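Report on the structure given below.
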Amino acid sequence: MPSAKNSAGKRIFAEICSMAIENGAVNLGQGYPDFGPPEHVLEALSNVARSDNPLLHQYCRVFGHIPLVEALGTLYSRVYDRKVNPLTEILVPIGGYGGLVCAIESVVKPGDEVLIFEPFFDCYKEMVETVGGIPIFIPLHPPEPPDPLRQLDSDNWTFSEEYILSHIRPNTKAVLLNSPSNPLGKLFSKSELEIIRDVCIEFDLTCISDEVYEWIVFDERKHMKIAAMEGMWERTLTIGSAGKAFSATGWKLGWIIGPEDLMERCQKVFQRCYYRCPTPIQEAVARSLEIEIRNLDTSDSYFVTLSKDLQRKRDWVVKTLLEIGMKPVIPRAGYFLLVEISTFLKNRRPCHITDHEAEDLQFTKWAIKEKKFGAIPASLFFDSERQNIGQKYIRLCFAKKDSTLEAAIDILMNLG
Ligand code: PMP
Ligand code: GLN
């Protein structure tokens with residue numbers, strides 16, 4: 001079966017994003033907000049830039065600028081309901097991405113197997129394989145037998161415990177969890193996390209928990225941290241992102257939180273590859289977090305207002321997609337939603353689809369070139385065995401200005 005990956009190579013994500021830019025497409029492809037960070041975050045950065053303290057422009061502590069790790073320690077001690085030591089249990093890497101590299105490199109050795117929930121953020125596979133690990137994909141199934149209504153809810157895309165258990169081997173080393181997830185927008189439930197916890201404990205696995213979208217949660221849901229569950233702190237590395245928390249993805253600053261022994265190993269990778277992150281950005285994030293900590297869970301919290309705003313945008317896009325006969329999988333958190341296109345393509349035939357390339361990729365290229373509409377083909381987020389599922393979908397990012405969404409909706413309404 002043709003796939004988006006083997007038809008255009010691994011760089012397809014970058015290619016599609018460049019194609020969208022070159023064609024001046026309304027771009028719901030790559031996952032970044034086209035609006036800026038909130039005022040207090042901008043003010044923090046400009047105050048840092050103009051500060052009369054020259055040291056804010058020089059090297060800082062290697063594993064994290066002191067004011068930042070202290071702010072993170074305060075915030076996450078509250079979230080975890082345990083004292084998080086800022087100096088030994090927190091590391092500040094280059095974005096959530098850098099956090100993933102440090103965590104994966106420090107945990108996974110050649111021949112180790114890593115369980116990854118699928119669909120998955122596409123870099124996981126390559127990161128694991130680069131260090132000689134073997135990714136084992138655990139499918140998050142759309143409901144079976146197919147149910148058009150239940151399929152529309154990311155909550156109903158779930159995994160089978162038996163499937164996990166039958167894929168555990170002596171060399172299974174880690175679970176890579178992503179909640180809220182990219183691209184599905186799935187927020188793992190307490191009972192799902194309990195199953196994962198029990199597997200980790202029974203088979204002595206490390207959990208690498210990518211939670212970069214932890215603060216963006218809809219429908220009154222609450223994000224749950226697997227590291228806060230009994231027996232998990234000592235075996236979990238949790239990854240966060242200032243870029244996602246403050247709508248400043250270009251700042252590329254993240255954090256890893258975990259027990260001292262696992263953190264020491266992450267620090268070694270970090271020290272070898274990056275050594276430290278930019279001081280002014282760390283100071284600005286520290287100041288922004290201090291404000292956020294004071295406002296946490298109140299209506300003044302940016303995390304609260306961002307979630308509300310993105311929920312409104314999600315609802316708007318979902319409603320439009322349903323109106324035009326495309327089926328969205330409704331996300332409960334994060335930036336993204338998957339949209340089923342194959343029924344739409346069969347019924348409406350807006351473009352000619354051939355057998356030479358994956359359907360989602362052909363549709364995406366056509367939409368960019370002919371309709372100036374940018375999306376990401378979803379087969380990128382599936383392993384080759386389940387490309388047939390991925391090809392039925394595209395991924396849209398709704399973390400965009402209302403004017404961008406309006407333009408996108410206008411195009412969708414006239415797609416053919
Ligand atoms: N994890 C997931 C699930 C992501 O979608 C992304 C991309 N935004 C990252 C990690 C990387 O985050 P950052 O931009 O902070 O490096
Ligand atoms: N996480 C973002 C996305 O999934 C950005 C990824 C990237 O830049 N490759 O779109």
Answer yes if at least one residue in the range 196-210 is in contact (Cβ under 8 Å) with a residue 60 or more places away in the chain, small (Gly, Ala, Ser) and within 24 Å of CYS266 (Cα to Cα), and no otherwise.
-> no
With respect to ILE281, determine if the residue is of a type in the set (Val, Ile, Thr) and either surrounded by fewer than 23 Cβ atoms within 10 Å (Cβ to Cβ) or in a helix (DSSP H, G or I) (or both).
-> yes
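Taking helices (runs of 4 or more DSSP H) that do not extend beyond the range 140-249, which have at least 1 residues that are within 16 Å of ligand 2 (Cβ to nearest atom)?
242-245
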Near pairs, Cβ below 7 angstrom, 6+ apart or cross-chain, from the range 276-299 (within 18 Å of LEU42 (Cα to Cα)) to any residue that is among the hydroxyl-bearing types (Ser, Thr, Tyr) and assigned to a helix (DSSP H, G or I) = GLU292/TYR302; ILE293/THR74
Would it be correct to say that MET326 is in contact with a helix residue (DSSP H, G or I) (Cβ under 6 Å, 6 or more places away or on another chain), aliphatic (A, V, I, L, M), more than 22 Å from TYR80 (Cβ to Cβ) and more than 16 Å from ligand 2 (Cβ to nearest atom)?
-> yes
Could you give me the residue pairs with C-beta distances under 8 Å whose first residue belongs to the range 174-194 and is on the phi < 0 side of the Ramachandran plot, whose second residue is basic (Lys, Arg) and more than 13 Å from ligand 1 (Cβ to nearest atom) wherever it lies, and which are 6+ apart or on separate chains?
-> PRO180/ARG332; LYS186/ARG332; LEU187/ARG221; LEU187/ARG332
Report yes if ALA49 is under 24 Å from the mean Cα position of the chain (by Cα), small (Gly, Ala, Ser) and within 13 Å of GLU283 (Cα to Cα), otherwise no.
-> no
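Listed here are the residues, each with its yes/no results for (1) part of a helix (DSSP H, G or I); (2) assigned by TED's automatic domain parsing to the domain that holds LYS308; (3) surrounded by 21 or more Cβ atoms within 10 Å (Cβ to Cβ); (4) within 16 Å of ligand 1 (Cβ to nearest atom).
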position	(1), (2), (3), (4)
HIS356	no, yes, no, no
TRP366	yes, yes, no, no
SER379	yes, yes, yes, no
ASN388	yes, yes, no, no
GLU406	yes, yes, no, no
Take the range 85-130 and flag every residue that is over 21 Å from the mean Cα position of the chain (by Cα), surrounded by fewer than 22 Cβ atoms within 10 Å (Cβ to Cβ) and part of a loop (DSSP other than H, G, I, E, B).
-> ASN85, PRO86, LEU87, THR88, LYS109, PRO110, GLY111, ASP112
Filter pass, LEU322 being loosely packed, with under 14 Cβ neighbours inside 10 Å and among the aliphatic types (A, V, I, L, M) = yes
With respect to GLY133, is the statement that it is buried (at least 22 other Cβ atoms within 10 Å of the Cβ) and more than 16 Å from ligand 1 (Cβ to nearest atom) true?
-> yes
Restricting attention to the range 80-103, which residues are within 16 Å of ligand 2 (Cβ to nearest atom), β-branched (Val, Ile, Thr) and in contact with a helix residue (DSSP H, G or I) (Cβ under 8 Å, 6 or more places away or on another chain)?
-> VAL101
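Within the range 335-349, track down each residue that is touching a helix residue (DSSP H, G or I) at 6+ places or on another chain (Cβ under 8 Å) and in contact (Cβ under 8 Å) with a residue 60 or more places away in the chain.
Of all residues in the range 335-349, those touching a helix residue (DSSP H, G or I) at 6+ places or on another chain (Cβ under 8 Å) come to 335, 337-342, 345.
Answer for the range 335-349, where residues must be touching a helix residue (DSSP H, G or I) at 6+ places or on another chain (Cβ under 8 Å) and in contact (Cβ under 8 Å) with a residue 60 or more places away in the chain: TYR335, LEU337, LEU338, GLU340.
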Out of curiosity, is ARG276 over 19 Å from SER179 (Cα atoms) and in contact with a Phe, Trp or Tyr (Cβ under 8 Å, 6 or more places away or on another chain)?
-> yes
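State yes or no: is MET263 more than 16 Å from ligand 2 (Cβ to nearest atom) and in a loop (DSSP other than H, G, I, E, B)?
Answer is no for this residue.
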What's the number of the condition CYS123 fails, among (1) touching a residue at least 60 places away in the same chain (Cβ under 8 Å); (2) within 16 Å of ligand 2 (Cβ to nearest atom); (3) among the hydrophobic types (A, V, I, L, M, F, W, C)?
-> (1)
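The values are calculated or read from the model by the stated rules, or taken from the named source; none is laboratory data. Note that the coordinates shown come from a computational prediction; the quantities given were computed from them, not determined experimentally. As a convention, Cβ positions derive from the backbone with ideal geometry for all residues, glycine included, and neighbour counts pool all protein chains shown.
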